[in-house]
């Protein structure tokens, strides 16, 4: 077993530098003569230390967890690692009642974020871009939830949704026996309840991103559109929105990342109980604490990694292609 | 809000704390585990006059009580106890890596499967020599609880507490209720309470462990202690009709439980008992911590869960027990043995109990004169029991209970139909988890 865990690591350790060196060499060869010895040492340290850290903390750990996904291990002594092949994945796909709901909830999370708070954030950004009075105050107000940590947001909303003493149930009188609305526990409701909290935060985030994008739109474009007699909606649709294309890409990527890494909010809210299972929470529940199903938890983490890669790789390809063209 | 109930006397919840989130990121890769073991270092070297002790008593009251115990030990033996206190939740989170690293000589832990697990992994040292001296202080049930699977002793119990049905005497008096002793009486009482506008049984299962307590009670009342142990050990099948019958009984009283339970923490459920809105509450005796008013506390009483099957009566009590273990490579074994011997004496227990009136001494020789009526009754119930259980997450594999049973029972509480599918799913997952041993 140990051979399997160790062999992929050094191979991978070679990979990133292998990709990076040719370019570095090309650049270096022209300027190398201009550099003093001290410069070279400094450069070596500045590039070397981060590379070592990166390889150790990102690549080695990622590959170790991929290797562990094919084992069972209770975390006690390395000799208790047992190779089990694809068993973890088979159990995960066939027997784990929480796995598919978790995948579904991660997808719903993304869909809701992209359909509701993102357009709403864009709408707010467009309004604030008009230099209305107190614009700064509004900006600050909408952006504040982004500054607060997710865990705190979960904590606050959990108080709002508390079935007995929470704000909502107290206001609508749903905290009496027989009338309970269990925002936190009811599997038909809790995901949506927690998504309201997530959207509340995401709107502010999107607003700031779009506001920055809008600031960079050339004012002459607007003037031209106005001279052509376009009304406000036509200007936005035909001129402004297309120029926001780079921002849209960033927004899309940010939203996907938010959907995949969703964890803290739900963990504080109800620890990923029925209705709010998420992949990230399944990973921690299996690995951390006394549970120590490290192999099984790693298998879930690998699924999460594969999903992330499926999203990120096309994005990277598109970006690099664009860079090369430019 | 308290993310986890305070105090040592609370069972499962501590594992599921916010801290896990923080630790989670670091451990996602799995490779973090061996690295972490470096964190559990013990301060002192092999000084014959010092014993190091890893403590999870991070709350002010128990911490002080333990400190007094150790001070008394030092006065008696001249050996100093160097206490290394960690946050209660963190201690449990890190126990695996802590015991593999350089643990303290003696550490706080729980009786039952969770103790036997570390014993069988050779992460604890047997203490038969200690038990040869303190054995007479403990009742037979405590002897059983302190042994590993190999028959050797690994654990010195300090205190214990019981799960039972708690109620307010004044509410029962006011409505003329009588304490139910059989299942039919319990169901009838639930119906009467509902008619009287009370919530018959308070319930909060947001933290997912309280439902395990209900399952335990119905299971050992209906199927007996032996079957319960087999089931917890992964030997009996969850698809056995006996287990199905447990859920059928549960489904019968589930409509009389406080609704919206999946979103409620146990403290809030306890508050409905304090406010006389609920009639009964099946929970551990730590519920008394929620009765902050002295008059309310005096009004609190309990009865053992009613008999379901006359073959077993009320012979089993769920009494989680906390105590001490000796780590695998103690630096000062002689001193640690001396300390464990002292901790197994009634005198040590008396010092601790002064601070925490919601628990009772594990020893049958402890001084009970200062007990409150509630403690006395609890002590009688525990010492009169034929068998003691520890609670589902202490009697079974923690990975099984936390990743399979907790979500499964929460699902059942939400939707009591579809038990068959639920049970076969539990059985499938159980097989893979218990097979990995």
Per principal axis, largest first, the Cα atoms of the protein assembly as shown extend in Å by 93, 69, 48
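Considering Cα pairs under 8 angstrom that are at least six residues apart, work out the relative contact order of region A:99-276 and quote it in whole percent.
Normalised by residue count, the contact order of region A:99-276 is 37 percent.
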Helix-only [θ] at 222 nm, chain A, -39500 (n - 2.57) per DSSP H run of 4+, per residue, nearest 500, equals -22000 deg cm²/dmol
Using alpha-carbon positions, the gyration tensor of chain A gives root eigenvalues a ≥ b ≥ c; with a/c under 1.5 called rounded, otherwise prolate if a/b exceeds b/c, else oblate, the class is oblate
Highest GNM mean-square fluctuation among A:291, A:220, A:199, for chain A with Cα springs under 10 Å, belongs to A:220
Simple spin-label estimate for residue A:108/residue B:128, 7 Å along Cα→Cβ, in nm, reads 5.7
Checking A:187, A:50, A:117 against a Gaussian network model of chain A (alpha-carbon springs below 10 Å), the top fluctuating residue turns out to be A:50
Rounded to whole angstrom, the alpha-carbon centroid of region A:216-254 lies from that of region A:131-200 at a distance of 33
Rounded to the nearest 10 degrees, the helix B:241-253 long axis (Cα) sits at an angle to the longest Cα principal axis of chain B of 60
Note to self: C-alpha centroids of region B:209-286 and region B:119-169 sit apart, in Å, by 25
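Please report the relative contact order for region A:246-298, taking Cα pairs under 8 Å with a sequence separation of at least 6, and give it as a percent rounded to a whole number.
22
Given a cut-off of under 8 Å on Cα pairs at least six residues apart, what relative contact order in percent is computed for region B:250-379?
Numbers: 65 pairs, mean separation 21.3, N = 130.
Once divided by the residue count of region B:250-379, the mean separation gives 16 percent.
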Partner shielding of A:262-274, taken as the mean number of other chain Cβ atoms within 10 Å, equals 4
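Mind checking the mean number of beta-carbon atoms from other chains within 10 Å of the Cβ atoms in A:56-64?
Values: counts 1, 2, 1, 0, 2, 6, 3, 2, 4.
Mean shielding count: 2.
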CD proxy, 222 nm, chain B: helix-only mean residue ellipticity via -39,500 (n - 2.57) per DSSP H run with n ≥ 4, per residue, nearest 500, stands at -13000 deg cm²/dmol
Out of A:166, A:297, A:272, a Gaussian network model of chain A with alpha-carbon springs under 10 Å gives the largest mean-square fluctuation to A:166
Under the 7 Å Cα-to-Cβ spin-label approximation, residue A:170 and residue B:169 lie apart by a distance in nanometres of 3.4
Listed with the fewest Cβ neighbours within 10 Å leading, B:342, B:161 appear as B:342, B:161
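What average count of beta carbons from other chains do you get within 10 Å of the Cβ of residues in B:412-420?
1
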Tilt, helix B:183-195 to longest principal axis of chain B (alpha-carbon atoms), in degrees rounded to tens, equals 70
Over the Cα atoms of region A:142-215 the radius of gyration and the largest Cα-Cα distance (Dmax), both in Å, equal 15.1, 53
Quick calc of log₁₀ I(q)/I(0), region A:72-209, Debye, one scatterer on every Cα, no solvent, q values 0.13, 0.15, 0.20 1/Å, result -0.79, -0.91, -1.14
Checked region B:239-337 against the a/c 1.5 cut and the a/b vs b/c comparison, axes a ≥ b ≥ c from its Cα gyration tensor; verdict oblate
One finds the C-alpha centres of region B:358-394 and region B:323-341 to be spaced, in Å, by 25
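Using only the Cα atoms of chain B, build the gyration tensor, take square roots of its eigenvalues as a ≥ b ≥ c, and label the shape rounded, prolate or oblate: rounded if a/c is under 1.5, else prolate if a/b is larger than b/c, else oblate.
Taking the square roots of the gyration eigenvalues as a ≥ b ≥ c, chain B is prolate.
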When B:280, A:46 are arranged by how many other beta-carbons sit within 10 Å of their Cβ, fewest first, they go A:46, B:280
Quick note on B:381, B:212, ordering by fewest other C-beta atoms within 10 Å, gives B:381, B:212
Rounded to the nearest 10, the angle in degrees between the Cα long axis of helix B:373-383 and the longest principal axis of the Cα atoms of chain B comes to 80
Over region A:52-147, the quotient of the Cα radius of gyration and 2.2 N^0.38 Å is 1.85
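Every number here is computed from the coordinates shown, using simple stated rules; none is lab data. In this text the structure is predicted, and so the values were computed from the model without any measurement. Methodologically, a virtual Cβ is constructed for each residue, glycine included, from the backbone with ideal geometry; neighbour enumeration extends over all protein chains shown.
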